[in-house]
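The values are calculated or read from the model by the stated rules, or taken from the named source; none is laboratory data. These numbers come from a predicted model, not from an experiment. Here the Cβ is made from the backbone with ideal geometry for all residues, glycine too, and neighbour counts use every protein chain on show. To get the accessible areas, we keep the full protein, side chains included, count just its heavy atoms, and leave off ligands, DNA and RNA. Shrake-Rupley method; radii C 1.70, N 1.55, O 1.52, S 1.80 Å.
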2 protein chains.
Amino acid sequence: MKRRRIAVLGSTGSIGAQTLEVARAHPERLEIVALAANRGAPTLIAQAREFGVHTVALADPDAAAQARAELPDAQVLEGASGLSELALATGADLVVGAVSGIAGLASVLTALQHGIDVALANKEPLVAAGEIVTQAAGRSGATIIPLDSEISAIFQCLRGEDRRTIEKVLLTASGGPFARLNKQELAQVTPEQALSHPTWKMGPKVTIDSATLANKGFEVFELKWLFGLRFEQIEVVVHHQSIIHSMVQFHDGSMIAQMGAPDMRVPIQYGLLYPERVANDLPCVVLAEIGQLTFERPDVGRFPSLRLAFEAGKSGRSYPAVLNGANESAVQLFLEGRIGFTDIPALAERALEAHEPFDISSIDDVAQADTWARRFVAHEVRDGSVR
Amino acid sequence: MKRRRIAVLGSTGSIGAQTLEVARAHPERLEIVALAANRGAPTLIAQAREFGVHTVALADPDAAAQARAELPDAQVLEGASGLSELALATGADLVVGAVSGIAGLASVLTALQHGIDVALANKEPLVAAGEIVTQAAGRSGATIIPLDSEISAIFQCLRGEDRRTIEKVLLTASGGPFARLNKQELAQVTPEQALSHPTWKMGPKVTIDSATLANKGFEVFELKWLFGLRFEQIEVVVHHQSIIHSMVQFHDGSMIAQMGAPDMRVPIQYGLLYPERVANDLPCVVLAEIGQLTFERPDVGRFPSLRLAFEAGKSGRSYPAVLNGANESAVQLFLEGRIGFTDIPALAERALEAHEPFDISSIDDVAQADTWARRFVAHEVRDGSVR
């Protein structure tokens with residue numbers, strides 16, 4: 001059997017580490033040929049040694065220098081462009097896009113433009129540049145395979161189905177760690193509290209996005225672009241147990257759901273080995289032990305990020321890139337202790353309101369909208385407080 | 001578009017009536033070309049007039065005579081053999097097997113032997129003669145499409161999937177109307193009580209089988225034979241809401257579930273129009289309104305029919321046909337008020353214990369086991385009471 005050659009962009013993060021775990025479990029099917037990270041040289045160096053990888057990239061120049069010193073036989077690419085060149089340099093069959101934030105856009109786009117399939121965990125490229133990314137894949141014939149558990153669920157529910165028969169998709173949301181807090185309590189949430197997600201172990205950006213439900217809003221964009229849906233066909237349902245990972249309602253009255261233990265290795269393995277389902281030792285769900293699954297409508301009053309995603313999505317043009325940039329800036333400010341938890345969606349909403357929209361037809365347009373949003377947020381936040 | 005030509009065996013029963021409802025909703029895709037029933041001439045005559053059907057069959061000679069009088073232009077076949085000849089006589093593309101009980105075996109088998117696809121609601125042929133039925137389909141290349149909501153669920157969950165990747169299937173059970181009764185209360189259940197099923201509107205035989213969980217046991221046989229499973233791969237889970245119609249657990253940790261409103265027209269339409277999913281106005285499930293789905297293990301202490309199905313299935317040979325025959329006889333006696341509710345599984349169990357098994361290699365062997373079981377039950381029940 002020919003092994004699938006994998007380039008992991010964002011190998012030192014949570015999804016990157018779990019990707020390598022899956023690769024470790026299936027050495028006869030998967031070969032890691034390239035690793036890239038923003039910084040985090042020691043972890044990447046150890047990964048390169050374990051998997052015998054000779055081509056790596058580090059965005060940070062100091063980290064790249066350290067890798068050159070410790071991996072004398074390896075080719076070490078550098079800078080943001082290093083990440084984009086990496087997949088091409090190694091002739092990978094599949095790029096895992098697991099960089100955090102909009103920083104992942106260029107490398108994902110480069111891979112798709114060159115006809116390389118991408119297993120995508122990084123949501124922001126589809127939020128800010130969904131049309132550009134999916135058109136690039138369409139032109140080259142490359143496939144985008146979702147790694148996110150909810151989006152993988154929809155991808156799995158659609159196996160063997162005709163997408164024209166979709167009535168709507170039901171995107172499940174755990175509700176986040178603060179599902180039960182009122183507005184006043186939400187305003188007091190600290191970064192430490194927000195970083196401890198009840199179900200999924202993830203990096204800081206996506207963990208905060210999960211707590212504000214901005215992450216769920218971003219998944220709406222993933223669904224829209226990956227499955228060619230209208231925003232009106234996407235509905236969010238709060239499901240605290242995170243056992244049903246999402247569902248498709250077909251126009252004949254049938255619904256198909258994908259379920260499983262809340263363990264990212266299941267959708268990651270599915271994405272890396274797609275279309276094969278390969279046996280593993282990962283945990284399974286025992287419904288009779290869980291006893292019940294609950295469902296409720298999301299409260300967009302307390303969690304406006306979800307509403308903003310639908311609004312920005314339906315308005316289109318540069319609004320989604322502004323939403324993404326404003327949110328990414330605000331999350332950073334929250335993590336630095338400079339703004340409160342509820343300021344994150346408040347700043348994103350103000351950015352959307354203040355923005356003069358323009359058409360997005362290139363990655364430069366995306367960058368322009370992103371920069372505008374970040375400057376707007378920086379300008380709104382002065383002297384450690386939101387103006 | 002070429003219309004699919006349908007022969008409905010058992011058109012006057014509940015599944016038959018709903019099959020015609022689906023045909024009525026999709027006249028551009030479905031054409032009813034033949035109708036058959038045991039008796040119930042007036043209903044069948046009205047159906048034949050509505051759908052312009054010129055070939056019908058009635059097992060009962062008096063009913064056949066009545067049909068001949070009222071449908072002078074129609075060919076009216078008669079007797080058990082009439083049902084078997086019907087599908088062949090009309091050149092149907094698809095036979096709907098919706099006769100009640102083992103009486104449906106011969107006609108289903110004949111259709112399959114002649115390469116005609118069968119949409120099967122009638123469980124007993126697969127219980128008593130699963131190997132014969134599925135081998136006949138395998139030889140001729142005909143497809144058996146399940147109409148039963150749970151079995152259709154598994155069929156739908158397996159769209160685009162490789163059956164070798166199934167770890168197990170989870171068959172959901174509503175628990176029946178008596179899920180909360182204790183053994184003493186179960187012994188007092190009357191036919192009237194048992195005939196009012198909480199969720200599904202069905203004929204008397206299958207309604208009683210649902211209340212004893214014998215029906216769930218029969219579905220285990222359907223799953224075994226239609227999907228080539230081992231009995232060890234089939235697990236029953238009680239799910240009172242009947243929203244998840246069944247699930248497949250794959251060996252990669254993923255589970256796929258099919259869900260929907262408890263309305264038989266959804267799986268019937270799926271079976272008649274397979275592989276197309278066609279838009280309709282049938283009711284959809286709104287999970288946020290339902291609020292919760294519950295799951296628990298079945299209680300085989302109070303509902304031994306389920307245990308008997310697995311035991312007879314694993315023992316094989318003539319045991320399943322004996323289970324089916326004994327159950328069918330006992331249900332009839334219960335409906336006649338001659339035995340109690342808990343006597344149904346008790347008689348089936350005694351029949352299995354007393355039976356000297358033999359190999360089943362023909363429909364005659366099935367008939368022999370069936371006859372033995374019915375005689376055994378008749379012999380056990382004397383003077384209106386169980387000996």
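Given B:PRO357, B:PRO320, B:PRO345, which one is farther than 23 Å from B:LEU109 by Cβ and at pLDDT 95 or above?
Unique residue meeting the criteria: B:PRO345.
Would you check if there is a residue in the stretch B:17-31 being in contact with a His (Cβ under 8 Å, 6 or more places away or on another chain) and assigned by TED's automatic domain parsing to the domain that holds B:LYS123?
So far as the stretch B:17-31 goes, no, none of its residues is in contact with a His (Cβ under 8 Å, 6 or more places away or on another chain) and assigned by TED's automatic domain parsing to the domain that holds B:LYS123.
Going by the structure shown, is A:LEU308 in a helix (DSSP H, G or I), within 29 Å of B:PRO275 (Cβ to Cβ) and not assigned by TED's automatic domain parsing to the domain that holds A:THR143?
Against the criterion (in a helix (DSSP H, G or I), within 29 Å of B:PRO275 (Cβ to Cβ) and not assigned by TED's automatic domain parsing to the domain that holds A:THR143), A:LEU308 does not qualify.
For the stretch B:316-332, give me each residue that is under 14 Å from B:GLY130 (Cα atoms) and either β-branched (Val, Ile, Thr) or out of contact with any helix residue (DSSP H, G or I) (no Cβ under 8 Å at 6 or more places or on another chain) (or both).
Hits for the stretch B:316-332 are B:GLY316, B:ARG317, B:VAL322.
On the given criteria, is B:PRO177 under 15 Å from the mean Cα position of the chain (by Cα) and of a type outside the set (Ser, Thr, Tyr)?
Considered against the rule, which asks whether it is under 15 Å from the mean Cα position of the chain (by Cα) and of a type outside the set (Ser, Thr, Tyr), B:PRO177 comes out as no.
Take the stretch B:122-136 and flag every residue that is open to solvent by 20 Å² or more (accessible area, probe 1.4 Å) and either farther than 19 Å from B:SER315 by Cα or of a type in the set (S, T, N, Q) (or both).
Result: B:THR134, B:GLN135.
Within the stretch B:56-81, how many residues are at pLDDT 95 or above and in a helix (DSSP H, G or I)?
The number of residues fulfilling the criteria is 10.
Of all residues being open to solvent by 30 Å² or more (accessible area, probe 1.4 Å), farther than 17 Å from A:THR172 by Cβ and not aliphatic (A, V, I, L, M) in the stretch A:193-227, which is nearest to the other protein chains (Cβ to nearest Cβ)? Just the residue, please.
Per the stated criteria, the residue is A:LYS201.
Only one of A:SER246, A:SER210, A:SER254 is of a type in the set (Gly, Ala, Ser) and at pLDDT below 95; which?
Just one listed residue meets the conditions, A:SER210.
Can you say whether B:ARG265 is within 26 Å of B:ARG180 (Cα to Cα) and either open to solvent by 10 Å² or more (accessible area, probe 1.4 Å) or touching a residue at least 60 places away in the same chain (Cβ under 8 Å) (or both), as far as the supplied structure shows?
For B:ARG265, the condition - within 26 Å of B:ARG180 (Cα to Cα) and either open to solvent by 10 Å² or more (accessible area, probe 1.4 Å) or touching a residue at least 60 places away in the same chain (Cβ under 8 Å) (or both) - is not met.
Which of the residues that make up the stretch B:1-42 are open to solvent by 40 Å² or more (accessible area, probe 1.4 Å), under 20 Å from B:ASN122 (Cα atoms) and of a type outside the set (Asp, Glu)?
Listed by number, the residues that qualify are B:ARG5, B:THR12, B:ALA17, B:ASN38, B:ARG39.
In the list B:ASP343, B:ASP359, which residue meets the criterion of being in contact with an Asp or Glu (Cβ under 8 Å, 6 or more places away or on another chain), of a type outside the set (Ser, Thr, Tyr) and open to solvent by 10 Å² or more (accessible area, probe 1.4 Å)?
B:ASP359
List, please: which pairs have Cβ atoms under 6 Å, are six or more places apart or on different chains, and start with a residue in the stretch B:226-238 that is in contact (Cβ under 8 Å) with a residue 12 or more places away in the chain and over 30 Å from B:GLY141 (Cβ atoms) and end with one that is open to solvent by 20 Å² or more (accessible area, probe 1.4 Å) and part of a loop (DSSP other than H, G, I, E, B)?
Listed pairs, sorted by first residue: B:VAL236/B:PRO298; B:VAL238/B:PRO298.
Got a sec? Which of B:ALA187, B:ALA257 is of a type outside the set (Val, Ile, Thr), surrounded by 23 or more Cβ atoms within 10 Å (Cβ to Cβ) and assigned by TED's automatic domain parsing to the domain that holds B:PRO298?
On inspection, the qualifying residue turns out to be B:ALA257.
Return the residue satisfying two criteria in turn: it lies in the stretch B:274-293 and is under 26 Å from the mean Cα position of the chain (by Cα) and surrounded by fewer than 16 Cβ atoms within 10 Å (Cβ to Cβ), and of such residues it is nearest to the other protein chains (Cβ to nearest Cβ).
My answer is B:ALA279.
Going by the structure shown, is A:ARG302 facing chain B (nearest Cβ under 7 Å), out of contact with any Pro (no Cβ under 8 Å at 6 or more places or on another chain) and more than 30 Å from A:ALA142 (Cβ to Cβ)?
no
Mind listing just one residue for me: the one in the stretch B:149-166 that is facing chain A (nearest Cβ under 7 Å) and among the polar types (S, T, N, Q) and, of those, surrounded by the fewest Cβ atoms within 10 Å (Cβ to Cβ)?
Filtering first and then ranking leaves B:THR165.
Suppose we filter B:GLY141, B:GLY130, B:GLY101, B:GLY97 for residues that are within 20 Å of B:LEU323 (Cα to Cα) and modelled with pLDDT of 95 or more; which single one remains?
B:GLY130
Identify the residue in the stretch A:228-254 that is in a loop (DSSP other than H, G, I, E, B) and either closer than 30 Å to A:GLN135 by Cβ or open to solvent by 20 Å² or more (accessible area, probe 1.4 Å) (or both) and, among all such residues, is nearest to the other protein chains (Cβ to nearest Cβ).
Selected residue: A:HIS251.
Looking at (1) of a type outside the set (Phe, Trp, Tyr); (2) within 11 Å of chain A (Cβ to nearest Cβ); (3) open to solvent by less than 20 Å² (accessible area, probe 1.4 Å), find the lone condition where B:ARG297 falls short.
Looking at each condition in turn, B:ARG297 falls short on (3).
Got a number for residues in the stretch A:105-121 being surrounded by fewer than 24 Cβ atoms within 10 Å (Cβ to Cβ) and within 19 Å of A:THR371 (Cβ to Cβ)?
Total meeting the criteria: 2.
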